[in-house]
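Engineer: One structure is given below, represented as structure tokens, and several questions about it will come after.
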């Protein structure tokens, strides 16, 4: 079922690998041209433009996009007890794991009377986006809200698309917001939500300082357009998994994990890398059997047979490691002998899942890790959502007179070399009396 790529005996140069490995065709640049009109309209006309975009793109007339306290409380009260228990457990685990990410304030004494302190301050206000199109993702509420609250963000707004029947976001998303104490929620989706966060809507949503959360190519295009007006996290595209496996891996486990990622959508990527040809054959046989009985058979089949998915045959595990590092997956599973040792050698991945009992779906919900991760190879230069996403490093400099005198000559030397004499004078003026 998976397209096969045979890299045995090939040069696995990192730059060349990017052209050889499967990848979804996702053109954010092209989407920017379509989205620019929406973003400009929201900036210029505020709430009217948000309502117009919602009517045209979502097919919903929403007179007041902010969700009232009543629907939030009703959604939580009506939540299935089993789902509520799952959410509560996920919140607890994600909160504990993210609390451990809080960086400590560090003061460096460079000389007597010369101190530099690295401290951290939370972003003042954030806009969190949660998709609501093909699948309802209350787990993404948790993954956005928890690190923001752990970081100490004081003002949180959240947007998710309205449903046609109610004009409100999906009730499970509202329930997750209520469970986490988020009461500023908007029934706004896609590019118009990002623009609303960035520019604000007079009499409605105030501008934010940072926008985070996954979304469609159009949501990501809007993020690209407002970057600089506000901070944004990564442009997270279709979900992807790469699995590095050897002949000790269980084919049924691998097939189940590949299908679980393909279930996200037709552009989702499922990639298996192994030196074992018999394993590839066994996984293919499992896929044929399991896909035939899976609920979302059409989208799973489209994803698994698309250009973004495939199996990659390599000479050995070191070659496989070079391949998965070149791919830089959002999710990387290691199902091999000595999986933990091999995982420690991985350089490029959003999250690494080690061994046969750490499937990606665990990370989607209850592992404690964050599931908002870089896609499309962006793990080479960026990481997933974390507490640090919502913090700003601030350096506090404190020198007394003797400490400044000690380096005054060096400051003047630099200032003269850069033809900025007033810089030097700002130091020497303190010793003129």
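No value in this document is a laboratory result; all are computed from the given coordinates. No experiment lies behind these values; they were computed from the predicted model shown. Cβ: placed from backbone, ideal geometry, glycine included. Neighbour counts: every protein chain shown.
Engineer: Under a point spin-label approximation (7 Å from Cα along Cα-to-Cβ), what is the residue 423-residue 229 distance to one decimal in nm?
Structural biologist: About 3.4 nm, to one decimal.
Engineer: How long are the three semi-axes of the equivalent ellipsoid of the stretch 54-202, in whole Å, if each is the root of 5 times an eigenvalue of the C-alpha gyration tensor, listed from largest down?
Structural biologist: On the way: eigenvalues 240, 79, 25 Å².
Largest first, the stretch 54-202 gives 35, 20, 11 Å.
Engineer: Ranking 209, 48 by Cβ neighbours within 10 Å, fewest first, what do you get?
Structural biologist: Values: 209 19, 48 12.
Ordered from fewest to most neighbouring Cβ atoms within 10 Å, 209, 48 come out as 48, 209.
Engineer: Report, largest value first, the span of the C-alpha coordinates of the chain along each principal axis, in whole Å.
Structural biologist: Sorted from largest, the Cα extents of the chain read 87, 59, 42 Å.
Engineer: Sticking with this structure for a sec: Expressed in nm to one decimal, what extension gain is obtained for the pair residue 316 and residue 288 from 0.36 nm per residue of sequence separation less their Cα-Cα distance?
Structural biologist: On the way: separation 28, 0.36 × 28 = 10.08 nm, distance 2.62 nm.
Full extension from residue 316 to residue 288 adds 7.5 nm.
Engineer: Nearest 5 is fine: what % of DSSP beta bridges in the chain come out antiparallel, could you say?
Structural biologist: The answer is about 30 percent antiparallel.
Engineer: So for the pair residue 281, residue 100, with labels modelled 7 Å out along Cα→Cβ, what separation do we get in nm?
Structural biologist: 4.3
Engineer: Between the stretch 64-89 and the stretch 368-429, how far is it from one alpha carbon centroid to the other, in angstrom?
Structural biologist: So the two Cα centres are separated by 43 Å.
Engineer: Which order do 259, 5, 173 fall in if you start with the one that has the fewest other Cβ atoms within 10 Å? Working shown, then result.
Structural biologist: On the way: 259 21, 5 17, 173 26.
Fewest-to-most Cβ neighbours within 10 Å comes out as 5, 259, 173.
Engineer: Rg over Rh of the stretch 126-239, using C-alpha atoms and the Kirkwood radius, what does it come to? Walk me through the intermediate numbers first.
Structural biologist: Numbers: Rg = 12.7 Å, Rh = 13.8 Å.
Using Cα coordinates only, the ratio equals 0.92.
Engineer: Between residue 166 and residue 119, what's the calculated FRET efficiency when r is the beta-carbon distance and R0 is 45 Å? Round to 0.05. Walk me through the numbers before you get to the answer.
Structural biologist: Working: r = 45 Å, r/R0 = 0.99.
The pair residue 166/residue 119 has a calculated efficiency of 0.50.
Engineer: Let me ask another. For a quick check: sort 331, 98 by the number of other beta carbons within 10 angstrom, fewest at the front.
Structural biologist: Details: 331 27, 98 24.
If I rank by nearby Cβ atoms, fewest first, I get 98, 331.
Engineer: Dividing the alpha-carbon radius of gyration of the stretch 268-367 by 2.2 N^0.38 Å (N being the number of residues), what value is obtained? Let's see the in-between values first.
Structural biologist: Working: Rg = 13.9 Å, N = 100, 2.2 N^0.38 = 12.7 Å.
Normalised Rg, Cα atoms only: 1.10.
Engineer: Right, something else. So for the stretch 176-304, considering every pair of alpha-carbon atoms, how many percent are separated by more than 18 Å?
Structural biologist: Details: 5303 of 8256 pairs.
Cα-Cα pairs of the stretch 176-304 separated by over 18 Å account for 64 percent.
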